[in-house]
Amino acid sequence: MSNTIIHTEALTKTYGVGTKKPFTALSNLNLNVVEGEIMGFLGPNGAGKTTTIRMLLDFIRPTSGHAQIFGKDVHEHSVDIHRRIGYLPAELNLWKNETSINIVRYFMRVRGGGDMAYVKQLAEQLEFDLNKRIRDYSTGNKRKIGLILALMHHPDLLILDEPTSGLDPLMQQVFNQLMLDFKAQGKTVFLSSHVLGEVQEICDRVAILRHGKLETVETVKNLTHVDFRWVTLTYNEPVRIADDLRAIRGVSDLKVTDNSVKFRITGDFHPLLEVATRQYVVNMTIQAPSLEEIFLAFYGENGNGKIAHNGKVIQSERELEAIS
Amino acid sequence: MRGTVLYETLRRSWKHALYWGLGIALLAFYPFLMMPNTPEGFQQYVEIAKGLPEGVLEMFGMSDIAAIGTPVGFIGYSFFGYILLILAVYSVIAGLNVSAVDEDNGSMDILLSLPLPRWQIIIEKIIAYSVIALVIALFAFAGFILGAMLVPDRIDLEWHKYLIGALAILPGTIFMMIITAFIGTLVRRRVTAAVLAGAFIFGSYVLNVIGGISNTNFAETMKGFSFFAYLNTTTALEQGVTIESALALAIISIIFAGGAVILFERRDVSV
């Protein structure tokens, strides 16, 4: 049986306790992340992802409940735990006048040593210049130094808050490979994102958080099983084949606007392509569903579509589209 | 690792320490350049001082006008009369750097993710900025010595008196830095902390001035609450600060440093 690396029990954080407007950012989070897995922590902005991560790192203290990492309480054993953790914050703010190499050296001293050869290897992989000052880096490069700082001491657990934001597609592939290599060593990754598409290639499981509550923990396979795409076809003349498109298995929510037609499709694309090209196609765009849409589709299939938004129970995808 | 935050703070601050040190050394050196070379010259300064309003005299710590007519008193007023106000700028900047700056700009996040206890960050930074204050004081000592070498015939003071005088600026400088650090851990935001620390220092200065002008017992008592009162500008160069004053400031500084650690240990960081 795998070891539990992260364990939270009824973890709750309420800001402004004792004030007129207390705000619960996270409510009763029960979560287990096991050794050797990559777990995605997904949710829209403001869902409570960063609050959870900050409690795991003991930056902020829970209002109730508790969290353990490596079987130790995150508050009482924070120093021991941090020795074995690599962390990348959502907004990495380093000392602007320092060079990356100086910060790397500083962190090595704090950690009591380090592997400079590995740092250089990481920098090479990420195509990153360690000798520049932080203020001279682009947003993407700042993410890279963040990744290097998180990985440089060969941690057992990576906690990454929105690690892929700001990375270009090529670098995202490099990042994915780094994470898979890390996992191949039997190590654990806990990463947050608000875009499933960015992390689904590497995650074993995802936990979905909405409005401060854990809605589900599922394998990526299960979640993407209900995956669908939004397709928009643009023709060189008004759409004549709308009914043919509507008849394709897996196509739904079809809307025609002049020369364009937009619809949802689940399943294979081949039947669509056969029908779609009966008219001259000028353009075709395929859009991944939002996390909310996947989530709703997932629960819809299980006959449980009752999802609340701002206190209102949403019964259909149309309703969800309307509010978003 | 113990000492890493201390070392890093010193490594990053050495240039600032140098600039501050050179500036303070110049201020320590300058009065020797301006020192009259005849008794008449000194008397002219006394006459000018006599013509100034009492409040202005008190602002520069000139409680004993006659002393300005002596070389030691002249140097004392020309340096110690305002040096703490200048060093207040250093103290506030250093105090904010203990936690408020990192917390405000977000770099505290990455720092706290390292295997560092929170108390170590606060204590080692306070020690680092105290060491820098000591370096600045030593620069002041160098300024005194160079100045004395310039006019050996006008002032006759043993070198260790200059050292005692230079070190007299330390207790107040460190005290102001620790108070700012405490406020920084309390309010988290650097601008707010800077305003509050500035208000505290200015208030303390005003208490000292009013206490010196007014003859009421109340004003005298209130002056005792001003940390500026510990530095006697007339005698600072020769005698430094009294043991009682230094001890009182040291104890209060330690209490506030402890308070800063407790506050920082217990609360949410970078919310």
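The values are calculated or read from the model by the stated rules, or taken from the named source; none is laboratory data. Everything numeric in this text was worked out from a predicted model, so none of it was measured. Quick reminder, even Gly has a Cβ in these numbers, built from the backbone with ideal geometry, and neighbours come from all protein chains shown.
If you go through the stretch A:102-111 one residue at a time, do you hit one that is among the hydroxyl-bearing types (Ser, Thr, Tyr) and more than 10 Å from chain B (Cβ to nearest Cβ)?
Within the stretch A:102-111, none of the residues are among the hydroxyl-bearing types (Ser, Thr, Tyr) and more than 10 Å from chain B (Cβ to nearest Cβ).
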- Task: Could you tell me whether the stretch A:140-163 includes any residue that is surrounded by fewer than 21 Cβ atoms within 10 Å (Cβ to Cβ), assigned by TED's automatic domain parsing to the domain that holds residue A:37 and of a type in the set (Val, Ile, Thr)?
- Result: no
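What about residue B:131, is it among the β-branched types (Val, Ile, Thr), surrounded by fewer than 17 Cβ atoms within 10 Å (Cβ to Cβ) and at pLDDT 95 or above? Spell out the reasoning first.
On the way: among the β-branched types (Val, Ile, Thr): yes; surrounded by fewer than 17 Cβ atoms within 10 Å (Cβ to Cβ): yes; at pLDDT 95 or above: yes.
So residue B:131 passes the test.
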- Residue hits (the stretch B:210-252; crowded, with 21+ Cβ neighbours inside 10 Å and farther than 22 Å from residue B:167 by Cα) are B:211, B:212
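Residues B:195, B:261, B:209, B:269: which one is in a helix (DSSP H, G or I), touching a residue at least 24 places away in the same chain (Cβ under 8 Å) and farther than 26 Å from residue B:76 by Cβ? Lay out the reasoning, then the answer.
Details: B:195 fails: touching a residue at least 24 places away in the same chain (Cβ under 8 Å); B:209 fails: farther than 26 Å from residue B:76 by Cβ; B:269 fails: in a helix (DSSP H, G or I).
When all the criteria are applied, what remains is B:261.
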- Note on the structure: The residue that is farthest from the other protein chains (Cβ to nearest Cβ), considering only those in the stretch B:12-40 that are surrounded by 14 or more Cβ atoms within 10 Å (Cβ to Cβ), in a helix (DSSP H, G or I) and over 20 Å from the mean Cα position of the chain (by Cα), is B:32
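Being free of Cβ contacts under 8 Å to residues at least 24 places away in the same chain and either outside the structural domain of residue A:166 (by TED's automatic domain parsing) or in contact with a helix residue (DSSP H, G or I) (Cβ under 7 Å, 6 or more places away or on another chain) (or both) is the filter here, so list the residues in the stretch A:62-118 that pass it.
To start, the set of residues in the stretch A:62-118 that are free of Cβ contacts under 8 Å to residues at least 24 places away in the same chain comprises A:72-81, A:91, A:93, A:102, A:105-106, A:109-110, A:112-113, A:116-117.
Within the stretch A:62-118, A:72, A:74, A:93, A:106, A:109, A:110 meet the criteria.
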- Message: From the list A:98, A:91, exactly one residue is of a type outside the set (Lys, Arg), surrounded by 17 or more Cβ atoms within 10 Å (Cβ to Cβ) and closer than 20 Å to residue A:136 by Cβ. Which is it?
- Response: A:98
- Task: All but one of (1) more than 14 Å from chain A (Cβ to nearest Cβ); (2) without any contact (Cβ under 8 Å) to a residue 12 or more places away in the chain; (3) over 20 Å from the mean Cα position of the chain (by Cα) hold for residue B:151, so report the exception by its number.
- Result: (2)
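Got a sec? Which strands (runs of 3 or more DSSP E) wholly within the stretch A:181-253 have at least 3 residues that are over 14 Å from residue A:272 (Cβ atoms)? Spell out how you get there, then give the answer.
Working: elements: A:188-193, A:205-210, A:213-219, A:229-235.
Result: A:188-193, A:205-210, A:213-219.
Yes or no, residue by residue, for (1) more than 22 Å from the chain's Cα centre (by Cα); (2) within 15 Å of residue B:268 (Cα to Cα); (3) modelled with pLDDT of 95 or more; (4) surrounded by fewer than 24 Cβ atoms within 10 Å (Cβ to Cβ):
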{"site": "A:2", "(1), (2), (3), (4)": "yes, no, no, yes"}
{"site": "A:12", "(1), (2), (3), (4)": "no, yes, yes, yes"}
{"site": "A:16", "(1), (2), (3), (4)": "yes, yes, no, yes"}
{"site": "A:20", "(1), (2), (3), (4)": "yes, no, no, yes"}
{"site": "A:33", "(1), (2), (3), (4)": "no, no, yes, no"}
{"site": "A:47", "(1), (2), (3), (4)": "no, no, no, no"}
{"site": "A:64", "(1), (2), (3), (4)": "yes, yes, yes, yes"}
- Message: Every residue in the stretch A:39-64 that is touching a Phe, Trp or Tyr at 6+ places or on another chain (Cβ under 8 Å) and closer than 18 Å to residue A:199 by Cα, please.
- Response: A:39, A:41, A:49, A:53
